[in-house]
Amino acid sequence: ARPQVVQRTFSTVAEATEPWVSRHAPSTLDDLLGNAGSVKKLSTWLRDWDDVVLRGRKKVAPFKPGGGMPDNLNARAALVSGPPGIGKTTAARLVAKTLGWDDILEYNASDARGQKIINALAEGLADNRTLTFGGSSSSSAAAAPAEPRLTKRAVIVMDEVDGMGGGDRGGNAALIKMIKKTKNPIICICNDHGSPKVRSLAFSCYDIRFSRPTKSTIAQRTAQIAASEGLAAEPNALEALAESCGNDIRHVLNQLQVMAKMPEYQGGQVGYADMRDRLRNIAKDSGIMLNPFEACRQLLTSSVVQKLSTREKLDLFFIDHNLMHLMVQENYLNSVAKKPVDVDLLESCARSAESIAIGDTVNERIRGKQEWSLLPDMGLMSAVHPAFVTSGFVSFPEFPKFLGNYSKMSRARRLCSELEAHLRLSSAVRTRWLTGSGYLETLHRRLLKPLRDEDIAGAVEVLDAYGLQREHVAEHLSELVQHLTGEEDFKLVDPKVKAAMTREMNSGNHAVKVVLPAAKKRRASVPEGDDLGDEADKDAPPAKDEGAEKDGEDDATIGGLVRKA
């Protein structure tokens, strides 16, 4: 049954303008929304804190199925983490209040929490009492000139510990030090459990994680609150609002309070169509709440992508345009792996592969010519269209293997460039044609044939004809041929034959025709004349005549890296 709408009246302006988040804040543990298991963990830890810490009655952590670190049940502090707006601070406050703790000291990002403040706080905790700076409120902690005084015991709530920085320099280290010797329970609260600032703190705390409540749970509770405030709303409209707000309860209540003040919704009911129109203005940016893995999952899940417009699909691509096309390319076949294989499925996969290839061509044009206006076209061809053609289901997308193999591609490109520098004195093949023309396989077979026949003189003769050395056979040719799915046959050659060839090449009877500078020299950049100034002109070598320069152009290739010996 839907809750009955009640028209409320207020005696003062302050009551009428009070935020719904404060007016309807939970007052008991039963009023908390979701995370019952996490709240129970926090309550049990705080209930047994004196027995565990002060009386030494240690707990034994239960075994975790599948392995992993056991829970730190005997920690002096608890770390509560989870998304914003789901009631972490309220839960900590209510748990302490329910268990009968005398006082709750709460420090958040608006308070000074530097090293000196926390060290002074730690000194007051040594006698089982808290230290207050001139007052009982949390804001008084920043008042350093006030004389500190010892008061009754309390639970210390350090909110937003992942935001300690800037003016709170040294506060994180001081907090960890205080936790190790405190005789009062400390509850640390953060949004991002994986933050580097929280990582070191987590080892000293009992890890308790909160999650977002479901949209149906939020819709049920907010419907009751809205009805008590005189606003009627359909359940599906509230579910849509909760989903658009990222299941942030605070955000949902704030938006409902704004809608309750609008004339078009007073005295009527907020339907799904009304809420859908309203969401275009109040919905959170989906790019903030989604990561590339979640965006790829939505694109490749047919039940989700069918409900999205082309614009919404393109927005998923722009969450990370450097990664999304690689994510789709890596996972589009996995999304249809469980479908029965037939001609239609194969044709769909072929069309997706062709579209991804066209998108990759557009990507090369964008980065090569800096034509960034083509980025939406690239998104359509490399992500949106393949996901439309071959979408099925993927539970968790895989990370692109292309990025893992990119270093191998860079190394192969470098080996080709170095090999071409030696070969161009005796052949016309260029770098771009080395791997695709079959030239490397032919040269590799011609070098290995005399080695298999133990003909050292014949192998050395081929190396001299092309101006190559032993490392070009063992490293360059072997690796490049293997890169083309060929076998590395050089390892099968008799080691004695390899040693004999090495001795012959090092005998000094075989001239090195090409000398490449060291890698450091190749990476070094020569400053422009304007940057060197007049001092560079004094040290500059004498200029050559035009004829010498023309002759030098034939001898120097690949940016002046090749020279005849």
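Observations on the structure shown:
- Residue identified as in a helix (DSSP H, G or I), of a type outside the set (Val, Ile, Thr), open to solvent by 30 Å² or more (accessible area, probe 1.4 Å) and touching a residue at least 12 places away in the same chain (Cβ under 8 Å) among Asp320, Asp360, Asp344: Asp360
- Qualifying residue in region 23-33 (condition: touching a Phe, Trp or Tyr at 6+ places or on another chain (Cβ under 9 Å), surrounded by 14 or more Cβ atoms within 10 Å (Cβ to Cβ), assigned to a loop (DSSP other than H, G, I, E, B) and at pLDDT below 90): no
- Members of region 404-432 found to be in a loop (DSSP other than H, G, I, E, B) and not polar (S, T, N, Q), listed by number: Arg424, Leu425, Ala428, Val429, Arg430
- Selection count where residues are part of a helix (DSSP H, G or I), open to solvent by 80 Å² or more (accessible area, probe 1.4 Å), free of Cβ contacts under 8 Å to residues at least 60 places away in the same chain and not hydrophobic (A, V, I, L, M, F, W, C), scope region 367-403: 3
- Region 217-238, residues that are open to solvent by less than 60 Å² (accessible area, probe 1.4 Å), over 28 Å from Ile187 (Cβ atoms) and either within 29 Å of the chain's Cα centre (by Cα) or not small (Gly, Ala, Ser) (or both): Glu229, Leu231, Glu234, Leu238
- Given (1) open to solvent by 90 Å² or more (accessible area, probe 1.4 Å); (2) at pLDDT 75 or above; (3) outside any helix (DSSP H, G or I), index of the condition Ser507 fails: (1)
- Which numbered condition Asn247 misses (of (1) touching a helix residue (DSSP H, G or I) at 6+ places or on another chain (Cβ under 7 Å); (2) at pLDDT 80 or above; (3) open to solvent by 40 Å² or more (accessible area, probe 1.4 Å); (4) part of a loop (DSSP other than H, G, I, E, B)): (3)
- Any chance Arg209 is surrounded by fewer than 15 Cβ atoms within 10 Å (Cβ to Cβ), in contact with a strand residue (DSSP E or B) (Cβ under 7 Å, 6 or more places away or on another chain) and not polar (S, T, N, Q): yes
- Any pair with Cβ under 6 angstrom, 6 or more apart, that starts in region 438-467 at a residue that is farther than 13 Å from Ser426 by Cα and ends at one that is open to solvent by less than 70 Å² (accessible area, probe 1.4 Å) and among the small types (Gly, Ala, Ser): Pro450/Gly458; Pro450/Ala459; Leu451/Ala459; Ile456/Ala500
- Reported count of residues in region 36-61, each being acidic (Asp, Glu) and assigned to a helix (DSSP H, G or I), is 2.
- Conditions (1) touching a Ser or Thr at 6+ places or on another chain (Cβ under 7 Å); (2) assigned to a helix (DSSP H, G or I); (3) at pLDDT below 65; number of the one not met by Arg129: (2)
- Pairs, first more than 30 Å from Ala219 (Cα to Cα) in region 33-55, second modelled with pLDDT of 90 or more and exposed (fewer than 13 other Cβ atoms within 10 Å of the Cβ), C-beta under 9 Å, six or more apart: none
The values are calculated or read from the model by the stated rules, or taken from the named source; none is laboratory data. Keep in mind that this is a model prediction, so the values were computed, not measured. So basically every Cβ, Gly included, is an ideal-geometry build from the backbone, and we count neighbours across all protein chains shown. Side chains included, ligands, DNA and RNA excluded: accessible areas come from the protein's heavy atoms. Shrake-Rupley method; radii C 1.70, N 1.55, O 1.52, S 1.80 Å.
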